[in-house]
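The values are calculated or read from the model by the stated rules, or taken from the named source; none is laboratory data. The structure displayed is predicted, hence computed values, not measured ones. Because the Cβ atoms are built from the backbone with ideal geometry, glycine has one as well, and the counts that use them run over all protein chains shown.
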């Protein structure tokens, strides 16, 4: 389902990252970079919580607002019970909607904010998301100090938190429309190849978005997928041309942009809810304001992986929500 | 002709360097074996103990250093490079146990370390005990014939 928005804008954004991201090619674009993975906290879970608070505080400071001016906060992360988001929100005595959509949380948050504002229910929303490499490794994979070999298709969960202020006050970046994705089962069972699990959901959402808006792929200056990584990106390109007869030419994946794939130990690239917005809110928005891209379709992808279900030998479903962003000059 | 999604996934799956990995594992695993043998010979020579006792001392030494190096934070890089060369010997078992213990230390001694330390290596203990039971049973039956 695609929803068209009239006057919804992303007014301000904030990006907080860990050490790996700041050493990557986009390091100079981020607002705050931490030197280690603890961020001065006792454990990684609290570090993630802290990064969310920092991202929200930066976005409020940039827009010269206080939390009282924000009608609703919408956000989520990757950990069980979206704990970092819930704990972070206990600092702000404001309405909060916690969402879980794995690595596509950012676009779902933007869509939900835009719906609430367009409907006239609220005026300002802050949507945030975060992920933390070692906290996610601990919950989903192996202990961090365990050095068992990883496959080439393994992705590296990005560390960072992002927040965006959405309102109907005119600004350069406009949320033009949003497509709410469906849960797609690609029949993949390989937890070390998340790109393969998610690429089908991205393809499904892109084709639905184009059908609903009656546009061709050329309408966009850039199609940006979430965190498919090197191999997921190849799969998506090939599947799009084979299944939908769409050639993805002006296309990139944030998973391969966030890190220096040759010199950083990140295997197939970046993943995690923070990956897509970290790249979009920093580098892509910068390029959009400079005029390189005018219309961008951000298709964040989330693998709805549950370790228990994987142990039950079930496949990994995935979902992808897309938003169309435009520059208003 | 349209390709199925899983066919495209298979086509784009990168090849792992099986041969290189096997050679690295063979050499590094061999080095661990040599170190073990030197330790056995050394212990039985210097401490004047039997080979059986020296073997136990050798195992304890390897376990100690695997745990120490894991705690110091660089052993995971070695394991990642040597792969099965360091995972199959007792060093791998010690590394897996120690890394889990380090990971869960912050969740408390009992609920953290106690309940999670064998998260990775527990399976090795269970199936080690089960398989040694089966093999000793076979050996006993064969011995009776």
Could you check, for the stretch A:246-255, whether at least one of its residues is within 14 Å of another protein chain (Cβ to nearest Cβ) and either more than 20 Å from the chain's Cα centre (by Cα) or modelled with pLDDT under 95 (or both)? yes
Can you name the condition, by its number, that residue A:188 falls short on among (1) in contact with a strand residue (DSSP E or B) (Cβ under 8 Å, 6 or more places away or on another chain); (2) crowded, with 20+ Cβ neighbours inside 10 Å; (3) farther than 24 Å from residue A:22 by Cα? (1)
Sort through A:246, A:235, A:223 and tell me the only one that's in contact with a helix residue (DSSP H, G or I) (Cβ under 6 Å, 6 or more places away or on another chain), outside the structural domain of residue A:158 (by TED's automatic domain parsing), outside any helix (DSSP H, G or I) and buried (at least 18 other Cβ atoms within 10 Å of the Cβ). A:246
Considering A:245, A:263, which residue is without any contact (Cβ under 8 Å) to a residue 24 or more places away in the chain and on the phi > 0 side of the Ramachandran plot? A:245
All but one of (1) in contact (Cβ under 8 Å) with a residue 40 or more places away in the chain; (2) touching a strand residue (DSSP E or B) at 6+ places or on another chain (Cβ under 7 Å); (3) within 29 Å of residue B:99 (Cβ to Cβ); (4) within 13 Å of chain B (Cβ to nearest Cβ) hold for residue A:130; which doesn't? (4)
Would you confirm, using the coordinates I've provided, whether residue A:243 is within 14 Å of chain B (Cβ to nearest Cβ) and over 14 Å from the mean Cα position of the chain (by Cα)? yes
So how many residues does the stretch A:80-122 have that are under 21 Å from the mean Cα position of the chain (by Cα) and not in a helix (DSSP H, G or I)? 6
List pairs: first in the stretch A:220-234 and within 14 Å of chain B (Cβ to nearest Cβ), second buried (at least 24 other Cβ atoms within 10 Å of the Cβ) and assigned to a strand (DSSP E or B), Cβ under 6 Å, 6+ apart or cross-chain? A:228/A:253; A:233/A:253
Picked from the stretch B:65-82 (must be within 12 Å of the chain's Cα centre (by Cα) and closer than 17 Å to residue B:124 by Cβ), the residue nearest to the other protein chains (Cβ to nearest Cβ) is B:79
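Residue-by-condition table, conditions (1) touching a helix residue (DSSP H, G or I) at 6+ places or on another chain (Cβ under 9 Å); (2) more than 13 Å from chain B (Cβ to nearest Cβ):
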position	(1), (2)
A:144	yes, no
A:151	no, no
A:154	yes, no
A:167	yes, yes
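Quick check on my filter: what residues within the stretch A:28-60 are out of contact with any helix residue (DSSP H, G or I) (no Cβ under 7 Å at 6 or more places or on another chain) and either farther than 30 Å from residue B:106 by Cβ or in a helix (DSSP H, G or I) (or both)?
Result: A:28, A:46, A:47, A:50, A:51, A:54, A:55, A:56, A:57, A:58, A:59.
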Answer yes or no as to whether residue A:306 is within 14 Å of another protein chain (Cβ to nearest Cβ) and over 23 Å from residue B:16 (Cα atoms). no
Selection status of residue A:137, part of a helix (DSSP H, G or I), within 11 Å of chain B (Cβ to nearest Cβ) and modelled with pLDDT under 95: yes
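Going through A:268, A:303, A:276 one at a time, which residue ends up being closer than 18 Å to residue A:179 by Cβ, touching a residue at least 60 places away in the same chain (Cβ under 8 Å) and surrounded by 21 or more Cβ atoms within 10 Å (Cβ to Cβ)?
On inspection, the qualifying residue turns out to be A:276.
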Go over the candidates A:160, A:181 one by one and state the one that is at negative phi, crowded, with 19+ Cβ neighbours inside 10 Å, more than 13 Å from chain B (Cβ to nearest Cβ) and touching a strand residue (DSSP E or B) at 6+ places or on another chain (Cβ under 7 Å). A:181
Of the residues in the stretch B:4-18 that are more than 8 Å from chain A (Cβ to nearest Cβ) and part of a loop (DSSP other than H, G, I, E, B), the one that is farthest from residue A:239 (Cα to Cα) is B:17
What are the residues in the stretch B:110-131 that are free of Cβ contacts under 8 Å to residues at least 12 places away in the same chain, over 17 Å from the mean Cα position of the chain (by Cα) and surrounded by 10 or more Cβ atoms within 10 Å (Cβ to Cβ), if any? B:111, B:112, B:114, B:115, B:130
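Residue-wise test of (1) under 20 Å from residue B:61 (Cα atoms); (2) in contact with a helix residue (DSSP H, G or I) (Cβ under 6 Å, 6 or more places away or on another chain); (3) within 8 Å of chain A (Cβ to nearest Cβ).
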position: B:85; (1), (2), (3): yes, yes, no
position: B:90; (1), (2), (3): yes, yes, no
position: B:95; (1), (2), (3): yes, yes, yes
position: B:107; (1), (2), (3): no, no, no
position: B:120; (1), (2), (3): no, yes, yes
position: B:123; (1), (2), (3): no, no, no
